[in-house]
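Working notes for the structure below.
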Amino acid sequence: MVRAGVDTEISKWFSGAKRVMFVHAHPDDETIATGGTLAALAEAGLEPLVVTLTRGERGEVVDGPLAHLAGTDGLAPHRQAELAAALAMLGVERHAFLGVPPARAEGLPPTIYEDSGMAWQADGLAGPGTDATADALTSVPAVESLNDLLAAAHGAGAGAIVSYDDGGGYGHPDHVHAHRIARAVAAALELPFWEIVSDDPAEQGQDSGDSPALLEVHDVTPWLDRKVVALRAYATQLTVDGDEIVHVGGQRQAIAAVEAFRFTPAP
């Protein structure tokens, strides 16, 4: 049941778009960065669409009973199952993998875009790895993934598109690619494009000088329990420790009760 009065406020999010398409690179990204917002939109009956670009084949695996999946063909289907469980916890019913209908250009057979992998750089951010496969998201000609995402947005009747900033949040090449094609599709369909704000929303101004930006901050505290349960579904990728996530590499990240998005005009 939608909390009284809350659904009216949620309907104003993303400038009142009736259906928002969220473009994420790998399973777990949607919950970590936007899980509370997704749960709120779903509860308000606004049917958000999540498009996941890869199945996270190259992800590391948390030490423990699932560690044997690392680097095997069994990791991708397991991460798909984790994604399905997480979306169910968030109440999200509309999902597609890029390359598979409805996120596939008309007339083309289904395809799988593989995780491109990454390497940590000296500046502490992720960057391209050296061993991406020929089927990796960033190896396939960009026009193919672009057309697939265009088909998904058009078919879903998207009213706005959400994805990462131009740095992909933390530099992963699949995240950067997600930004590029999501913003291009938004421009092509004349839809508003919203970037996920990675920094503390409290430190963000409403506008940023010569680059006009509108900041939208969502208090997702009422849906935080759902977000936490969804995060727990990703046992291969992270551990929930109190109010923090412990990533596979040991990095700690607070589970955000506030999720922020910046409107970015078409170039």
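The values are calculated or read from the model by the stated rules, or taken from the named source; none is laboratory data. Note that the structure is a prediction, hence the values are computed from the model and not measured. Every residue, glycine as well, gets a Cβ built from its backbone with ideal geometry; the counts of neighbours run over all protein chains shown.
Just one of (1) of a type in the set (A, V, I, L, M); (2) part of a helix (DSSP H, G or I); (3) more than 14 Å from the chain's Cα centre (by Cα) trips up Leu83, so point out which.
Unmet condition: (3).
For segment 66-83, which residues satisfy the criterion of being buried (at least 22 other Cβ atoms within 10 Å of the Cβ) and among the hydrophobic types (A, V, I, L, M, F, W, C)?
Result: Leu75, Leu83.
If you check Val246, Val228, Val258, which single one turns out to be at pLDDT 95 or above and farther than 28 Å from Phe193 by Cα? Spell out how you get there, then give the answer.
Values: Val228 fails: farther than 28 Å from Phe193 by Cα; Val258 fails: farther than 28 Å from Phe193 by Cα.
Exactly one residue qualifies, and that residue is Val246.
Among the numbered conditions (1) within 20 Å of Gly169 (Cβ to Cβ); (2) in contact with a Gly (Cβ under 9 Å, 6 or more places away or on another chain), tell me where Gly56 comes up short.
Answer for Gly56: the failing condition is (2).
Filter segment 1-47 down to residues that are more than 16 Å from the chain's Cα centre (by Cα) and of a type in the set (Ser, Thr, Tyr) and give me whichever is modelled with the highest pLDDT.
Checking each candidate, the answer is Ser11.
Give the residue, chosen from Glu47, Glu57, Glu106, that is among the acidic types (Asp, Glu), more than 20 Å from Gln253 (Cα to Cα), touching a Leu at 6+ places or on another chain (Cβ under 7 Å) and outside any helix (DSSP H, G or I). It would help to see each step written out before you state the result.
On the way: Glu47 fails: touching a Leu at 6+ places or on another chain (Cβ under 7 Å); Glu106 fails: touching a Leu at 6+ places or on another chain (Cβ under 7 Å).
On inspection, the qualifying residue turns out to be Glu57.
In segment 138-182, which residue that is touching a helix residue (DSSP H, G or I) at 6+ places or on another chain (Cβ under 8 Å) and closer than 14 Å to Gly99 by Cα is surrounded by the most Cβ atoms within 10 Å (Cβ to Cβ)?
If we take residues in segment 138-182 being touching a helix residue (DSSP H, G or I) at 6+ places or on another chain (Cβ under 8 Å) and closer than 14 Å to Gly99 by Cα, then Leu149 is surrounded by the most Cβ atoms within 10 Å (Cβ to Cβ).
Please tell me if Leu108 is in contact with a helix residue (DSSP H, G or I) (Cβ under 6 Å, 6 or more places away or on another chain) and either touching a residue at least 24 places away in the same chain (Cβ under 8 Å) or farther than 20 Å from Phe22 by Cβ (or both).
Numbers: in contact with a helix residue (DSSP H, G or I) (Cβ under 6 Å, 6 or more places away or on another chain): no; either touching a residue at least 24 places away in the same chain (Cβ under 8 Å) or farther than 20 Å from Phe22 by Cβ (or both): yes.
The answer is no for Leu108.
Under 6 Å between Cβ atoms, at least 6 apart or on separate chains: pull out the pairs that start in segment 48-70 with a residue that is under 22 Å from Leu146 (Cβ atoms) and end on any residue that is hydroxyl-bearing (Ser, Thr, Tyr) and crowded, with 18+ Cβ neighbours inside 10 Å.
The qualifying pairs are Leu53/Tyr113; Thr54/Tyr113.
Answer yes or no: is there a residue in segment 117-131 that is in contact with a Leu (Cβ under 7 Å, 6 or more places away or on another chain) and in contact (Cβ under 8 Å) with a residue 40 or more places away in the chain. Write out each step before concluding.
In the first step, residues of segment 117-131 are kept if they are in contact with a Leu (Cβ under 7 Å, 6 or more places away or on another chain); the result is none.
For segment 117-131, residues in contact with a Leu (Cβ under 7 Å, 6 or more places away or on another chain) and in contact (Cβ under 8 Å) with a residue 40 or more places away in the chain: absent.
So that you can scan it fast, the table gives a plain yes or no per residue for (1) farther than 30 Å from Leu189 by Cα; (2) free of Cβ contacts under 8 Å to residues at least 40 places away in the same chain; (3) out of contact with any Asp or Glu (no Cβ under 6 Å at 6 or more places or on another chain); (4) of a type in the set (Asp, Glu):
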| site | (1), (2), (3), (4) |
| --- | --- |
| Asp225 | yes, yes, yes, yes |
| Val229 | yes, no, yes, no |
| Ala235 | yes, no, yes, no |
| Thr239 | yes, no, yes, no |
| Gln251 | yes, yes, yes, no |
| Glu259 | no, no, yes, yes |
| Pro265 | no, no, yes, no |
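Which residue pairs have Cβ atoms closer than 6 Å, lie 6 or more positions apart in sequence or on different chains, and pair a first residue in segment 173-195 that is at pLDDT 95 or above with a second residue that is of a type in the set (Asp, Glu)?
Close Cβ pairs satisfying both conditions: His179/Asp166; Glu195/Asp165.
Does at least one position in segment 44-65 carry a residue that is of a type in the set (Gly, Ala, Ser), surrounded by 22 or more Cβ atoms within 10 Å (Cβ to Cβ) and at negative phi?
Initially, segment 44-65 is screened for residues of a type in the set (Gly, Ala, Ser), giving 44-45, 56, 59, 64.
Applying the additional criterion that residues be surrounded by 22 or more Cβ atoms within 10 Å (Cβ to Cβ) yields 56, 59.
Subsequent filtering for residues that are at negative phi retains 59.
Yes, because at least one residue in segment 44-65 is of a type in the set (Gly, Ala, Ser), surrounded by 22 or more Cβ atoms within 10 Å (Cβ to Cβ) and at negative phi.
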